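Q: One structure is given below, represented as C-alpha coordinates, and several questions about it will come after.
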Amino acid sequence: MRRFRILAIAALFALGAGTVTAQSGSARRLSRTELENKIRGGWAGQMIGVSYGAPTEFVSNRRIIRWPITWKPENVTNSIKQDDLYVEMTFAEVLDKEGLDATTEQFGEMFKNSKYMLWHANASARRLLNRGIKAPWSGHPKFNAHADDIDFQIESDFIGLMTPGLPQVANGFADRVGRVMNYGDGLYGGMFFSGMYAAAFFETDPRKVVEAGLASIPADSKYGKVIRDVLDWSAGEPDWRKTWRKVTDKWDRDDACPDGALNEFNIDAKLNGAFVALGLLYGGGDFSKTLEVATRSGQDSDCNPSSAAGILGVMIGYNAIPDEWKSGIPAIADTKFDYTNYTFNEIIASTVARALKVVEHAGGQVSASEIVVPFQAPKPPVLEQWDVDAPTASLLSYGGAWTWSDGWEERPAGMGRAKWTTQPGAQATLQFSGTGVVIRGEYDDQGGKADVVLDGQPAGTIDASDVFNVDDSYYWFVTGLKPGAHTVQIKMQSANGKASGTLGIEGAIAYGK
(Lines give C-alpha, C1' and ligand atoms only; values in the text may rest on other atoms or scores of the structure.)
Protein backbone atom coordinates (compact mmCIF):
# COMPACT_ATOMS: atom_id res chain seq x y z
CA MET A 1 0.00 0.00 0.00
CA ARG A 2 2.86 2.37 0.77
CA ARG A 3 5.97 2.69 -1.35
CA PHE A 4 8.98 3.45 0.74
CA ARG A 5 12.63 2.61 0.43
CA ILE A 6 14.44 1.75 3.65
CA LEU A 7 18.10 2.49 3.06
CA ALA A 8 20.86 1.43 5.41
CA ILE A 9 23.55 4.02 5.06
CA ALA A 10 24.32 4.34 8.77
CA ALA A 11 26.92 1.58 8.62
CA LEU A 12 28.82 3.45 5.94
CA PHE A 13 29.18 6.52 8.09
CA ALA A 14 29.20 5.18 11.66
CA LEU A 15 32.27 6.37 13.49
CA GLY A 16 32.21 3.29 15.67
CA ALA A 17 32.95 1.11 12.65
CA GLY A 18 36.40 2.59 12.23
CA THR A 19 38.31 5.55 10.84
CA VAL A 20 36.93 7.35 7.80
CA THR A 21 39.53 7.22 5.06
CA ALA A 22 40.95 10.54 3.94
CA GLN A 23 40.74 11.20 0.22
CA SER A 24 43.13 12.89 -2.16
CA GLY A 25 44.01 16.44 -1.19
CA SER A 26 46.14 18.27 1.31
CA ALA A 27 45.52 18.03 5.02
CA ARG A 28 44.43 21.33 6.53
CA ARG A 29 45.65 22.96 9.70
CA LEU A 30 43.87 25.10 12.22
CA SER A 31 45.25 26.48 15.45
CA ARG A 32 43.48 25.42 18.63
CA THR A 33 42.79 29.09 19.32
CA GLU A 34 41.14 29.59 15.93
CA LEU A 35 39.16 26.35 16.26
CA GLU A 36 37.66 27.64 19.49
CA ASN A 37 37.07 31.08 17.94
CA LYS A 38 35.15 29.56 15.03
CA ILE A 39 33.08 27.26 17.23
CA ARG A 40 32.31 30.20 19.50
CA GLY A 41 31.31 32.19 16.41
CA GLY A 42 28.98 29.40 15.29
CA TRP A 43 27.10 29.21 18.58
CA ALA A 44 27.00 33.00 18.89
CA GLY A 45 25.67 33.32 15.35
CA GLN A 46 22.83 30.95 16.12
CA MET A 47 21.93 32.88 19.26
CA ILE A 48 21.97 36.23 17.48
CA GLY A 49 20.07 34.99 14.44
CA VAL A 50 17.24 33.33 16.33
CA SER A 51 16.84 36.34 18.62
CA TYR A 52 16.85 38.79 15.72
CA GLY A 53 14.25 36.85 13.74
CA ALA A 54 12.06 35.72 16.65
CA PRO A 55 9.44 38.52 16.34
CA THR A 56 8.93 37.66 12.65
CA GLU A 57 8.56 33.86 12.82
CA PHE A 58 5.83 32.79 10.35
CA VAL A 59 4.43 36.33 10.38
CA SER A 60 5.20 36.79 6.67
CA ASN A 61 4.54 33.78 4.46
CA ARG A 62 5.07 34.00 0.69
CA ARG A 63 5.85 37.67 1.27
CA ILE A 64 9.12 39.48 1.87
CA ILE A 65 9.27 41.19 5.25
CA ARG A 66 9.48 44.89 4.46
CA TRP A 67 8.89 46.57 7.81
CA PRO A 68 11.75 47.65 10.10
CA ILE A 69 13.27 44.94 12.31
CA THR A 70 14.91 46.46 15.36
CA TRP A 71 17.88 45.10 17.28
CA LYS A 72 19.44 45.83 20.62
CA PRO A 73 22.39 43.75 21.87
CA GLU A 74 20.42 42.67 24.95
CA ASN A 75 17.82 41.04 22.66
CA VAL A 76 20.15 38.04 22.45
CA THR A 77 18.85 37.03 25.90
CA ASN A 78 15.85 35.61 24.02
CA SER A 79 18.07 32.77 22.72
CA ILE A 80 18.18 31.14 26.15
CA LYS A 81 14.54 30.12 25.72
CA GLN A 82 14.66 29.10 22.04
CA ASP A 83 14.09 25.53 20.86
CA ASP A 84 16.56 26.19 18.02
CA LEU A 85 19.26 25.98 20.68
CA TYR A 86 18.09 23.72 23.48
CA VAL A 87 16.80 20.85 21.33
CA GLU A 88 20.10 20.37 19.52
CA MET A 89 21.86 20.45 22.89
CA THR A 90 19.85 17.37 23.86
CA PHE A 91 21.67 15.44 21.15
CA ALA A 92 25.01 17.00 22.01
CA GLU A 93 24.51 15.77 25.56
CA VAL A 94 23.89 12.22 24.31
CA LEU A 95 27.32 12.29 22.67
CA ASP A 96 28.90 13.72 25.80
CA LYS A 97 27.36 10.95 27.90
CA GLU A 98 27.45 7.97 25.54
CA GLY A 99 30.42 8.80 23.35
CA LEU A 100 30.77 9.37 19.62
CA ASP A 101 29.29 5.97 18.79
CA ALA A 102 25.89 6.79 20.31
CA THR A 103 23.11 5.07 18.39
CA THR A 104 19.91 6.38 16.85
CA GLU A 105 17.96 4.59 19.58
CA GLN A 106 20.01 6.36 22.27
CA PHE A 107 19.36 9.75 20.67
CA GLY A 108 15.68 8.83 20.49
CA GLU A 109 15.52 7.76 24.12
CA MET A 110 16.79 11.07 25.51
CA PHE A 111 14.56 12.95 23.07
CA LYS A 112 11.55 10.90 24.18
CA ASN A 113 12.13 11.84 27.81
CA SER A 114 12.84 15.56 27.23
CA LYS A 115 10.50 18.03 28.95
CA TYR A 116 10.20 20.88 26.46
CA MET A 117 7.26 21.52 24.13
CA LEU A 118 7.58 20.11 20.62
CA TRP A 119 5.82 20.64 17.29
CA HIS A 120 5.64 19.03 13.83
CA ALA A 121 8.14 16.21 13.10
CA ASN A 122 9.60 16.52 16.60
CA ALA A 123 6.17 16.27 18.21
CA SER A 124 5.16 13.31 16.09
CA ALA A 125 8.44 11.56 16.87
CA ARG A 126 8.07 12.03 20.62
CA ARG A 127 4.49 10.72 20.47
CA LEU A 128 5.63 7.68 18.50
CA LEU A 129 8.61 7.05 20.79
CA ASN A 130 6.36 7.16 23.83
CA ARG A 131 4.09 4.62 22.16
CA GLY A 132 6.86 2.15 21.51
CA ILE A 133 7.84 3.07 17.93
CA LYS A 134 11.61 3.31 18.24
CA ALA A 135 13.98 5.44 16.22
CA PRO A 136 14.62 5.40 13.27
CA TRP A 137 10.98 4.47 12.62
CA SER A 138 9.87 7.49 14.67
CA GLY A 139 11.04 9.69 11.79
CA HIS A 140 9.94 7.47 8.92
CA PRO A 141 6.94 8.47 6.78
CA LYS A 142 5.37 5.11 7.47
CA PHE A 143 4.54 6.59 10.86
CA ASN A 144 5.47 10.30 10.82
CA ALA A 145 3.41 12.63 8.60
CA HIS A 146 5.95 15.45 9.11
CA ALA A 147 8.94 13.56 7.70
CA ASP A 148 9.94 16.38 5.30
CA ASP A 149 9.52 19.21 7.84
CA ILE A 150 12.27 21.51 9.06
CA ASP A 151 12.84 19.95 12.50
CA PHE A 152 16.17 18.15 12.11
CA GLN A 153 17.46 20.90 9.85
CA ILE A 154 17.30 23.44 12.70
CA GLU A 155 18.80 20.94 15.16
CA SER A 156 21.77 19.84 13.05
CA ASP A 157 24.06 22.84 13.63
CA PHE A 158 25.86 21.12 16.52
CA ILE A 159 26.99 18.37 14.14
CA GLY A 160 28.74 20.69 11.71
CA LEU A 161 30.31 22.57 14.60
CA MET A 162 32.11 19.44 15.79
CA THR A 163 33.18 18.11 12.36
CA PRO A 164 35.60 20.74 10.99
CA GLY A 165 36.44 19.95 7.36
CA LEU A 166 34.88 16.48 7.66
CA PRO A 167 31.61 16.42 5.69
CA GLN A 168 31.43 12.62 5.45
CA VAL A 169 31.75 12.30 9.20
CA ALA A 170 29.09 15.01 9.58
CA ASN A 171 26.76 12.95 7.37
CA GLY A 172 27.36 9.94 9.59
CA PHE A 173 26.22 11.80 12.68
CA ALA A 174 23.33 13.37 10.79
CA ASP A 175 22.14 9.97 9.62
CA ARG A 176 22.00 8.72 13.20
CA VAL A 177 20.43 11.80 14.78
CA GLY A 178 18.15 12.98 11.98
CA ARG A 179 16.24 9.73 11.64
CA VAL A 180 14.79 10.22 15.11
CA MET A 181 12.30 12.69 13.59
CA ASN A 182 12.88 13.02 9.82
CA TYR A 183 13.48 11.15 6.57
CA GLY A 184 14.42 11.93 2.96
CA ASP A 185 14.43 15.68 2.32
CA GLY A 186 13.86 16.29 6.03
CA LEU A 187 17.07 14.37 6.73
CA TYR A 188 18.94 16.03 3.88
CA GLY A 189 18.26 19.44 5.39
CA GLY A 190 20.47 18.51 8.34
CA MET A 191 23.12 17.04 6.05
CA PHE A 192 23.12 20.20 3.92
CA PHE A 193 23.52 22.42 6.96
CA SER A 194 26.16 20.33 8.70
CA GLY A 195 28.05 20.06 5.40
CA MET A 196 28.10 23.86 5.14
CA TYR A 197 29.34 24.16 8.71
CA ALA A 198 32.08 21.61 8.05
CA ALA A 199 33.23 23.57 5.01
CA ALA A 200 33.01 26.91 6.83
CA PHE A 201 36.02 26.10 9.02
CA PHE A 202 38.33 26.34 6.01
CA GLU A 203 36.42 28.43 3.47
CA THR A 204 35.78 32.17 3.24
CA ASP A 205 33.60 32.23 0.10
CA PRO A 206 29.89 31.77 0.95
CA ARG A 207 29.14 30.36 -2.52
CA LYS A 208 31.72 27.62 -2.05
CA VAL A 209 30.26 26.85 1.37
CA VAL A 210 26.76 26.45 -0.10
CA GLU A 211 28.15 24.30 -2.92
CA ALA A 212 29.92 22.10 -0.36
CA GLY A 213 26.68 21.63 1.53
CA LEU A 214 24.88 20.71 -1.68
CA ALA A 215 27.58 18.13 -2.45
CA SER A 216 26.70 16.38 0.83
CA ILE A 217 23.17 15.47 -0.34
CA PRO A 218 21.83 13.67 -3.42
CA ALA A 219 21.66 16.06 -6.36
CA ASP A 220 18.49 14.32 -7.63
CA SER A 221 16.60 14.86 -4.39
CA LYS A 222 14.01 17.61 -4.33
CA TYR A 223 16.15 19.33 -1.71
CA GLY A 224 19.17 19.17 -3.98
CA LYS A 225 17.19 20.63 -6.87
CA VAL A 226 16.00 23.58 -4.77
CA ILE A 227 19.54 24.50 -3.74
CA ARG A 228 20.81 24.03 -7.30
CA ASP A 229 18.18 26.52 -8.43
CA VAL A 230 19.24 29.02 -5.77
CA LEU A 231 22.89 28.74 -6.80
CA ASP A 232 22.13 29.05 -10.51
CA TRP A 233 19.61 31.88 -10.22
CA SER A 234 21.71 33.92 -7.80
CA ALA A 235 24.85 33.67 -9.95
CA GLY A 236 23.61 36.23 -12.46
CA GLU A 237 21.10 38.19 -10.39
CA PRO A 238 22.32 40.94 -8.03
CA ASP A 239 18.88 41.53 -6.46
CA TRP A 240 18.11 38.86 -3.87
CA ARG A 241 14.41 39.72 -4.00
CA LYS A 242 14.17 38.59 -7.62
CA THR A 243 15.82 35.28 -6.79
CA TRP A 244 13.52 34.94 -3.79
CA ARG A 245 10.54 35.40 -6.10
CA LYS A 246 11.73 32.61 -8.42
CA VAL A 247 12.28 30.28 -5.47
CA THR A 248 8.89 31.09 -3.98
CA ASP A 249 7.00 30.74 -7.25
CA LYS A 250 8.52 27.33 -8.00
CA TRP A 251 9.03 25.73 -4.59
CA ASP A 252 6.66 27.33 -2.06
CA ARG A 253 3.81 25.01 -2.94
CA ASP A 254 2.39 21.55 -2.26
CA ASP A 255 3.67 21.40 1.34
CA ALA A 256 2.75 17.92 2.62
CA CYS A 257 2.80 18.97 6.29
CA PRO A 258 -0.75 18.53 7.68
CA ASP A 259 -0.54 22.02 9.17
CA GLY A 260 0.83 23.71 6.05
CA ALA A 261 -1.23 21.87 3.46
CA LEU A 262 -3.31 24.21 1.28
CA ASN A 263 -2.29 27.41 3.06
CA GLU A 264 0.60 29.88 3.00
CA PHE A 265 2.35 28.49 6.08
CA ASN A 266 5.30 26.35 4.91
CA ILE A 267 7.60 24.57 7.33
CA ASP A 268 9.10 22.34 4.64
CA ALA A 269 12.84 21.82 5.13
CA LYS A 270 13.97 22.47 1.57
CA LEU A 271 12.14 25.78 1.11
CA ASN A 272 13.49 27.19 4.36
CA GLY A 273 16.92 25.77 3.55
CA ALA A 274 16.79 27.77 0.33
CA PHE A 275 16.26 30.94 2.35
CA VAL A 276 19.34 30.14 4.44
CA ALA A 277 21.31 29.73 1.22
CA LEU A 278 19.91 33.07 -0.02
CA GLY A 279 21.15 34.75 3.14
CA LEU A 280 24.65 33.36 2.76
CA LEU A 281 24.93 34.00 -0.98
CA TYR A 282 23.57 37.54 -0.96
CA GLY A 283 25.08 38.38 2.41
CA GLY A 284 28.49 38.02 0.81
CA GLY A 285 30.22 37.50 4.15
CA ASP A 286 28.64 40.58 5.74
CA PHE A 287 27.02 39.60 9.02
CA SER A 288 24.24 42.19 8.97
CA LYS A 289 23.29 41.60 5.33
CA THR A 290 23.23 37.82 5.85
CA LEU A 291 20.81 38.23 8.75
CA GLU A 292 18.64 40.65 6.79
CA VAL A 293 18.18 38.43 3.73
CA ALA A 294 17.65 35.17 5.65
CA THR A 295 15.09 36.84 7.93
CA ARG A 296 13.23 38.95 5.38
CA SER A 297 12.69 35.90 3.17
CA GLY A 298 9.92 34.99 5.61
CA GLN A 299 8.36 31.66 6.64
CA ASP A 300 10.47 30.19 9.49
CA SER A 301 12.29 33.46 9.84
CA ASP A 302 13.93 32.90 13.21
CA CYS A 303 15.32 29.43 12.45
CA ASN A 304 16.67 30.50 9.06
CA PRO A 305 18.77 33.48 10.21
CA SER A 306 19.93 31.42 13.17
CA SER A 307 21.56 28.83 10.92
CA ALA A 308 22.76 31.35 8.32
CA ALA A 309 24.46 33.44 11.02
CA GLY A 310 25.80 30.30 12.67
CA ILE A 311 27.50 29.16 9.46
CA LEU A 312 28.86 32.65 8.81
CA GLY A 313 29.97 32.82 12.44
CA VAL A 314 32.20 29.81 11.79
CA MET A 315 33.56 31.32 8.58
CA ILE A 316 34.61 34.60 10.19
CA GLY A 317 35.01 33.53 13.83
CA TYR A 318 33.55 35.08 16.97
CA ASN A 319 36.12 37.87 17.11
CA ALA A 320 35.02 39.22 13.72
CA ILE A 321 31.29 39.34 14.52
CA PRO A 322 30.50 43.06 14.90
CA ASP A 323 30.09 44.22 18.49
CA GLU A 324 26.67 45.66 17.72
CA TRP A 325 25.47 42.06 17.34
CA LYS A 326 27.47 40.15 19.95
CA SER A 327 27.98 42.60 22.81
CA GLY A 328 24.96 41.26 24.70
CA ILE A 329 26.36 37.73 24.89
CA PRO A 330 28.93 38.10 27.72
CA ALA A 331 26.14 39.02 30.17
CA ILE A 332 24.43 35.64 29.59
CA ALA A 333 27.48 33.51 28.79
CA ASP A 334 27.15 31.60 32.08
CA THR A 335 23.35 31.26 32.02
CA LYS A 336 21.97 27.78 31.34
CA PHE A 337 19.93 27.39 28.19
CA ASP A 338 16.43 26.21 29.08
CA TYR A 339 16.09 22.45 29.60
CA THR A 340 19.85 21.88 29.24
CA ASN A 341 22.97 21.44 31.32
CA TYR A 342 24.88 23.91 29.15
CA THR A 343 25.71 27.59 29.25
CA PHE A 344 27.17 29.39 26.23
CA ASN A 345 30.68 28.86 27.59
CA GLU A 346 29.97 25.24 28.48
CA ILE A 347 28.52 24.25 25.10
CA ILE A 348 31.57 25.79 23.43
CA ALA A 349 33.92 23.78 25.66
CA SER A 350 31.85 20.65 25.03
CA THR A 351 31.87 21.20 21.26
CA VAL A 352 35.61 21.84 21.13
CA ALA A 353 36.30 18.65 23.10
CA ARG A 354 34.09 16.60 20.76
CA ALA A 355 35.66 18.20 17.68
CA LEU A 356 39.13 17.18 18.84
CA LYS A 357 37.97 13.59 19.31
CA VAL A 358 36.25 13.58 15.91
CA VAL A 359 39.38 14.86 14.15
CA GLU A 360 41.55 12.20 15.79
CA HIS A 361 39.02 9.48 15.00
CA ALA A 362 39.02 10.57 11.33
CA GLY A 363 42.78 10.11 11.10
CA GLY A 364 43.78 13.67 11.90
CA GLN A 365 46.23 14.95 14.47
CA VAL A 366 45.65 17.02 17.58
CA SER A 367 48.41 18.81 19.45
CA ALA A 368 48.45 21.42 22.19
CA SER A 369 48.63 24.20 19.57
CA GLU A 370 46.80 22.99 16.45
CA ILE A 371 44.71 20.38 14.68
CA VAL A 372 45.56 18.75 11.36
CA VAL A 373 42.44 17.63 9.49
CA PRO A 374 42.74 15.08 6.68
CA PHE A 375 41.20 16.15 3.40
CA GLN A 376 37.69 14.80 2.99
CA ALA A 377 35.42 15.57 0.03
CA PRO A 378 31.64 15.66 0.54
CA LYS A 379 29.88 12.42 -0.36
CA PRO A 380 26.09 12.21 -0.64
CA PRO A 381 24.10 9.26 0.69
CA VAL A 382 21.97 7.04 -1.52
CA LEU A 383 18.78 8.81 -2.62
CA GLU A 384 15.61 8.32 -0.59
CA GLN A 385 12.40 10.31 -0.98
CA TRP A 386 8.97 10.21 0.63
CA ASP A 387 6.50 9.26 -2.07
CA VAL A 388 3.73 11.72 -1.25
CA ASP A 389 1.60 13.67 -3.69
CA ALA A 390 0.39 17.25 -3.28
CA PRO A 391 -2.48 18.07 -0.91
CA THR A 392 -5.63 18.60 -2.96
CA ALA A 393 -8.57 19.15 -0.60
CA SER A 394 -9.46 20.06 2.97
CA LEU A 395 -12.38 17.89 4.06
CA LEU A 396 -13.72 19.46 7.26
CA SER A 397 -15.77 17.41 9.67
CA TYR A 398 -18.91 19.42 8.95
CA GLY A 399 -18.56 19.00 5.17
CA GLY A 400 -20.27 16.62 2.81
CA ALA A 401 -17.38 14.14 2.55
CA TRP A 402 -18.22 12.79 6.02
CA THR A 403 -21.13 10.79 7.38
CA TRP A 404 -21.71 10.21 11.07
CA SER A 405 -23.59 7.62 13.10
CA ASP A 406 -25.49 8.51 16.24
CA GLY A 407 -23.38 9.52 19.22
CA TRP A 408 -21.43 12.48 17.78
CA GLU A 409 -21.82 16.14 18.72
CA GLU A 410 -20.30 19.24 17.17
CA ARG A 411 -18.10 21.47 19.35
CA PRO A 412 -15.36 24.09 18.82
CA ALA A 413 -11.86 22.81 18.06
CA GLY A 414 -8.55 23.84 16.50
CA MET A 415 -9.82 24.00 12.91
CA GLY A 416 -13.02 25.78 13.98
CA ARG A 417 -15.30 22.86 14.76
CA ALA A 418 -14.98 19.14 15.37
CA LYS A 419 -17.22 16.14 15.83
CA TRP A 420 -16.81 14.63 19.29
CA THR A 421 -17.90 11.32 20.76
CA THR A 422 -17.53 9.24 23.90
CA GLN A 423 -19.94 6.55 22.75
CA PRO A 424 -18.73 2.99 22.20
CA GLY A 425 -19.19 1.93 18.59
CA ALA A 426 -19.80 5.46 17.27
CA GLN A 427 -18.72 5.51 13.64
CA ALA A 428 -17.53 8.12 11.14
CA THR A 429 -17.08 7.50 7.42
CA LEU A 430 -15.00 9.58 5.01
CA GLN A 431 -15.20 9.38 1.23
CA PHE A 432 -12.27 10.93 -0.62
CA SER A 433 -10.50 10.76 -3.95
CA GLY A 434 -6.71 10.72 -4.26
CA THR A 435 -3.60 8.82 -3.25
CA GLY A 436 -3.46 9.63 0.45
CA VAL A 437 -5.23 11.21 3.39
CA VAL A 438 -4.50 12.62 6.84
CA ILE A 439 -7.20 12.43 9.50
CA ARG A 440 -6.93 15.45 11.81
CA GLY A 441 -8.19 15.48 15.37
CA GLU A 442 -7.84 16.66 18.96
CA TYR A 443 -5.68 14.93 21.57
CA ASP A 444 -6.80 14.86 25.19
CA ASP A 445 -5.73 13.39 28.53
CA GLN A 446 -8.92 11.33 28.34
CA GLY A 447 -8.46 10.51 24.66
CA GLY A 448 -9.87 7.22 23.47
CA LYS A 449 -9.08 4.67 20.80
CA ALA A 450 -10.74 3.93 17.50
CA ASP A 451 -10.30 1.30 14.80
CA VAL A 452 -9.55 2.44 11.25
CA VAL A 453 -10.73 0.54 8.16
CA LEU A 454 -9.48 1.61 4.71
CA ASP A 455 -11.40 0.36 1.68
CA GLY A 456 -12.81 -2.48 3.74
CA GLN A 457 -9.49 -3.61 5.24
CA PRO A 458 -8.21 -3.02 8.80
CA ALA A 459 -5.67 -0.17 8.62
CA GLY A 460 -4.61 0.62 12.16
CA THR A 461 -5.76 2.34 15.32
CA ILE A 462 -6.27 5.92 16.37
CA ASP A 463 -5.07 6.70 19.89
CA ALA A 464 -6.28 10.15 20.94
CA SER A 465 -4.63 10.10 24.37
CA ASP A 466 -2.17 12.94 24.87
CA VAL A 467 1.61 12.81 25.33
CA PHE A 468 3.42 15.33 27.54
CA ASN A 469 4.19 18.68 25.85
CA VAL A 470 3.36 17.60 22.31
CA ASP A 471 1.46 19.96 20.02
CA ASP A 472 0.20 17.99 17.04
CA SER A 473 -3.14 17.51 15.37
CA TYR A 474 -3.29 14.42 13.20
CA TYR A 475 -4.69 11.04 14.20
CA TRP A 476 -3.83 8.76 11.30
CA PHE A 477 -2.55 8.99 7.73
CA VAL A 478 -1.74 6.97 4.63
CA THR A 479 0.04 7.84 1.36
CA GLY A 480 0.99 5.94 -1.78
CA LEU A 481 -2.52 4.65 -2.52
CA LYS A 482 -3.75 3.80 -6.00
CA PRO A 483 -5.33 6.96 -7.47
CA GLY A 484 -9.11 7.03 -7.22
CA ALA A 485 -11.97 6.89 -4.73
CA HIS A 486 -11.34 5.56 -1.22
CA THR A 487 -13.32 5.09 1.98
CA VAL A 488 -12.05 5.45 5.56
CA GLN A 489 -14.22 4.20 8.42
CA ILE A 490 -13.44 5.14 12.02
CA LYS A 491 -15.15 3.21 14.81
CA MET A 492 -14.83 4.06 18.50
CA GLN A 493 -13.51 1.21 20.60
CA SER A 494 -15.11 0.13 23.84
CA ALA A 495 -13.82 -1.53 26.99
CA ASN A 496 -16.22 -3.74 28.89
CA GLY A 497 -19.11 -2.00 27.15
CA LYS A 498 -17.86 1.47 28.08
CA ALA A 499 -16.25 4.12 25.94
CA SER A 500 -12.45 4.04 25.67
CA GLY A 501 -12.36 7.85 26.09
CA THR A 502 -13.04 10.85 23.89
CA LEU A 503 -12.48 11.33 20.17
CA GLY A 504 -12.62 14.69 18.38
CA ILE A 505 -12.34 14.59 14.57
CA GLU A 506 -11.63 17.94 12.91
CA GLY A 507 -11.53 16.71 9.33
CA ALA A 508 -9.04 15.43 6.79
CA ILE A 509 -6.54 16.51 4.14
CA ALA A 510 -6.67 14.57 0.86
CA TYR A 511 -3.56 14.14 -1.33
CA GLY A 512 -3.41 13.29 -5.01
CA LYS A 513 -1.82 13.72 -8.42
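Q: Among the numbered conditions (1) more than 26 Å from the chain's Cα centre (by Cα); (2) hydrophobic (A, V, I, L, M, F, W, C); (3) closer than 14 Å to Met47 by Cβ, tell me where Leu356 comes up short.
A: (3)
Q: To continue, here is another question. Take region 194-233 and flag every residue that is in contact (Cβ under 8 Å) with a residue 40 or more places away in the chain and aromatic (Phe, Trp, Tyr).
A: Answer for region 194-233, where residues must be in contact (Cβ under 8 Å) with a residue 40 or more places away in the chain and aromatic (Phe, Trp, Tyr): Tyr197, Phe201, Phe202, Tyr223.
Q: Only residues in region 478-507 that are in the same structural domain as Thr422 (by TED's automatic domain parsing) and closer than 22 Å to Asp389 by Cβ count as the first member; pair them with residues that are charged (D, E, K, R) and part of a strand (DSSP E or B), Cβ under 8 angstrom, at least 6 apart or cross-chain, and list the lot.
A: If the second residue must be charged (D, E, K, R) and part of a strand (DSSP E or B), the pairs left are Glu506/Arg417; Glu506/Arg440; Glu506/Glu442; Gly507/Arg440.
Q: For region 391-431, list the strands (runs of 3 or more DSSP E) that sit wholly inside it and hold at least 1 residues that are over 29 Å from the mean Cα position of the chain (by Cα) and at pLDDT below 95; which are they?
A: The strands (runs of 3 or more DSSP E) meeting that bar are 409-413, 416-421.
Q: Let me ask something else about it. If I ask for residues that are out of contact with any Asp or Glu (no Cβ under 8 Å at 6 or more places or on another chain) and buried (at least 19 other Cβ atoms within 10 Å of the Cβ), which ones from region 476-487 would you list?
A: Within region 476-487, Trp476, Phe477, Val478, Leu481 meet the criteria.
Q: Might you check whether a residue that is out of contact with any Pro (no Cβ under 6 Å at 6 or more places or on another chain), part of a helix (DSSP H, G or I) and surrounded by fewer than 17 Cβ atoms within 10 Å (Cβ to Cβ) occurs anywhere in region 233-241? Explain how you work it out, then say what you get.
A: Start the filter on region 233-241 by keeping residues that are out of contact with any Pro (no Cβ under 6 Å at 6 or more places or on another chain), which leaves 233-241.
With part of a helix (DSSP H, G or I) added as a condition, the list becomes 233-235, 240-241.
Narrowing the set further to residues that are surrounded by fewer than 17 Cβ atoms within 10 Å (Cβ to Cβ) leaves 235, 241.
Checking region 233-241: at least one residue is out of contact with any Pro (no Cβ under 6 Å at 6 or more places or on another chain), part of a helix (DSSP H, G or I) and surrounded by fewer than 17 Cβ atoms within 10 Å (Cβ to Cβ).
Q: I'm trying to understand the selection: among the residues of region 434-470, which are among the acidic types (Asp, Glu), outside any loop (DSSP other than H, G, I, E, B) and under 16 Å from Arg131 (Cα atoms)?
A: Step one: list which residues in region 434-470 are among the acidic types (Asp, Glu), which gives 442, 444-445, 451, 455, 463, 466.
With outside any loop (DSSP other than H, G, I, E, B) added as a condition, the list becomes 442, 444, 451, 463.
If the condition is that a residue be among the acidic types (Asp, Glu), outside any loop (DSSP other than H, G, I, E, B) and under 16 Å from Arg131 (Cα atoms), then Asp444, Asp463 are the ones that fit.
Q: Please go through (1) touching a Gly at 6+ places or on another chain (Cβ under 6 Å); (2) closer than 30 Å to Arg417 by Cα; (3) not small (Gly, Ala, Ser) for Pro378 and return the number of the only condition it doesn't satisfy.
A: (2)
Q: Can you tell me how many residues in region 312-356 are surrounded by fewer than 16 Cβ atoms within 10 Å (Cβ to Cβ) and touching a Leu at 6+ places or on another chain (Cβ under 8 Å)?
A: 0
Q: Can you tell me which residues in region 311-346 are among the charged types (D, E, K, R) and farther than 16 Å from Glu36 by Cβ?
A: We begin by selecting, within region 311-346, every residue among the charged types (D, E, K, R); these are 323-324, 326, 334, 336, 338, 346.
Answer for region 311-346, where residues must be among the charged types (D, E, K, R) and farther than 16 Å from Glu36 by Cβ: Asp323, Glu324, Asp334, Lys336, Asp338.
Q: Could you figure out which of (1) closer than 25 Å to Ala362 by Cβ; (2) surrounded by 24 or more Cβ atoms within 10 Å (Cβ to Cβ) isn't true of Gln168?
A: (2)
Q: Return the pair list, or none, for Cβ contacts closer than 7 Å from residues in region 246-260 that are closer than 25 Å to Asn122 by Cβ to residues that are of a type in the set (Phe, Trp, Tyr), at least 6 apart or on different chains.
A: Once the first residue is closer than 25 Å to Asn122 by Cβ and sits in region 246-260, its partners that are of a type in the set (Phe, Trp, Tyr) give Pro258/Tyr474; Asp259/Phe265.
Q: Among the residues of region 70-82, what is the count of those that are more than 22 Å from the chain's Cα centre (by Cα) and surrounded by 15 or more Cβ atoms within 10 Å (Cβ to Cβ)?
A: Adding up the residues that qualify gives 5.
Q: I'm trying to understand the selection: among the residues of region 286-338, which are in contact with a Pro (Cβ under 6 Å, 6 or more places away or on another chain) and part of a loop (DSSP other than H, G, I, E, B)?
A: Across region 286-338, the qualifying residues are Ser327, Gly328.
The values are calculated or read from the model by the stated rules, or taken from the named source; none is laboratory data. Computed from a predicted model, the values in this text were never measured in an experiment. Backbone-built Cβ (ideal geometry, glycine too); neighbour counts: all protein chains shown.
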